[in-house]
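Before any comments, here is the structure.
The values are calculated or read from the model by the stated rules, or taken from the named source; none is laboratory data. Just so you know, these numbers come straight off a predicted model, no measurement behind them. Note that each Cβ is placed from the backbone with ideal geometry, even for glycine, and that neighbours are counted across all protein chains shown.
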Amino acid sequence: MLRTRHQLVVTVTATLAVSAACRDAPASHAGRPPNAPAFASAGTVPDEGKVLPVAQRPGKPLRIAVLGLESSPFWIPVKAGVQRAARELAGRGVTVDWIVPGELHTTEVFGRAIDAAVAKQYDAIATIAGDAGVAAYIDRAVRAGIPVATYNSETDTPNERLFFVGAESYTQGKAAGALMCRLVGPAGKVGIITGFFAVEAHQARVKGFEDALHADCPRSVVVGRVENQDKAEIAYQEAKDFMTAHADLGGMIAIAGSPFGAAHAVEEVGKAGKVHLVTFDAVDETMDYVEKGVIDATIGQDPDAQGHDPAVRLYNYLVAGQLPPYGRLLTRADVITKVNAAQFRAPRS
């Protein structure tokens, strides 16, 4: 039988300016207290990626589950962020477990994983929430007294999660659309490679991209929309198909994981600089093509912070009752090009 917990929720940290923005939770914690930040409230925080554990110690050992993926290189820095949080919390009697329940962002995968974490009596859960179906599982965990944070992908369906750490996907998409317009011109033809049609964050990027592209270049044409399931080999073939079917293709956007597959195709057919490519994230494989000029620009989202911050903020709530100032803690969205790539390149081992 599941036990209702008397703890949990999240925190923004007690450091610097953020501590002034944090609000104290009631002495008796619950999965989501009445004074938790509004679901749709959003903003940035100065300690993104640097939030520290509070000085208070827990009265008992704590366990935090972080549910994630390893389906593309994007997740390597996310996992590294989780591991960094685990090291920071280990001396406080806290175990942070990185759990990979499957290869897809779906409710079927992550809903079951949330239920399993509840059954295993974790004190807090951080999870991806790729589609609306995950909301019911989050709410069930919260009703059991377990606070839940989301990160990376978040459904717009309101639910009882405490906070989200990740990018504002629609805004990212708009930035990419405006950039693509400048690259392909007022009547350019563009192909769209998304990650998963079912993942709301991916589709929000697509909508933002198309809205900005058509606003700035009203005669532009989207020649097709496909999904690569975050797989480089699928993106490679889809990019080749776009270029074969449309000899006058001006550009492509790769919305989600493993966009370097599309870059490989562009380079292979000798169309770098002719078929413009805009992507997301700064994994090594993508950065290689940015530095060569095959990818015109890639847009980041601070994956290390997405892995690190939810675990630490959940810990801070559990032991100090802190809440973040916003329901959505938005990570930075750096636009990376060949000109500034060096400052975003991860150190090579």
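Some notes on this structure:
- Candidate set: segment 193-225, residues that are more than 15 Å from the chain's Cα centre (by Cα) and among the aromatic types (Phe, Trp, Tyr); chosen: the one surrounded by the fewest Cβ atoms within 10 Å (Cβ to Cβ): 197
- Scan of segment 102-128 for residues that are closer than 27 Å to residue 319 by Cβ, within 18 Å of the chain's Cα centre (by Cα) and either not hydrophobic (A, V, I, L, M, F, W, C) or not in a helix (DSSP H, G or I) (or both), ordered by number: 125, 126, 127, 128
- Residue in segment 154-175 that is over 25 Å from residue 331 (Cα atoms) and surrounded by 20 or more Cβ atoms within 10 Å (Cβ to Cβ) present: no
- When 269, 290, 339 are screened for being aliphatic (A, V, I, L, M) and crowded, with 19+ Cβ neighbours inside 10 Å, only 290 passes.
- Residue in segment 126-137 that is surrounded by fewer than 16 Cβ atoms within 10 Å (Cβ to Cβ), closer than 23 Å to residue 69 by Cβ and outside the structural domain of residue 218 (by TED's automatic domain parsing) present: yes
- Looking only at segment 147-188, and only at residues there that are among the β-branched types (Val, Ile, Thr) and more than 14 Å from the chain's Cα centre (by Cα), the one that is farthest from residue 41 (Cα to Cα): 184
- Residue pairs whose Cβ atoms lie under 7 Å apart, sitting 6 or more positions apart in sequence or on different chains, and linking a residue in segment 328-340 that is at negative phi and assigned to a strand (DSSP E or B) to a partner that is buried (at least 19 other Cβ atoms within 10 Å of the Cβ) and hydroxyl-bearing (Ser, Thr, Tyr), are 336/298.
- Residues of segment 188-230 that are part of a loop (DSSP other than H, G, I, E, B) and acidic (Asp, Glu): 230 alone.
- Candidate set: segment 251-282, residues that are assigned to a helix (DSSP H, G or I) and among the acidic types (Asp, Glu); chosen: the one farthest from residue 346 (Cα to Cα): 268
- Restricting 285, 233, 291, 238 to those that are in contact with a Phe, Trp or Tyr (Cβ under 9 Å, 6 or more places away or on another chain), in a helix (DSSP H, G or I) and assigned by TED's automatic domain parsing to the domain that holds residue 176 reduces the list to 285.
- Some residue of segment 305-314 being farther than 20 Å from residue 78 by Cβ and not β-branched (Val, Ile, Thr): no
- Within segment 39-53, not a single residue is among the small types (Gly, Ala, Ser), assigned by TED's automatic domain parsing to the domain that holds residue 320 and over 21 Å from residue 332 (Cα atoms).
- Residue within segment 89-100 that is without any contact (Cβ under 8 Å) to a residue 24 or more places away in the chain, small (Gly, Ala, Ser), over 26 Å from residue 195 (Cα atoms) and not in a helix (DSSP H, G or I) present: yes
- Every residue from segment 202-228 that is closer than 21 Å to residue 105 by Cα and either among the charged types (D, E, K, R) or touching a Gly at 6+ places or on another chain (Cβ under 7 Å) (or both): 202, 204, 205, 206, 207, 208, 225, 227, 228
- Among the conditions (1) among the small types (Gly, Ala, Ser); (2) part of a loop (DSSP other than H, G, I, E, B); (3) outside the structural domain of residue 174 (by TED's automatic domain parsing), the only one that residue 311 does not satisfy is (2).
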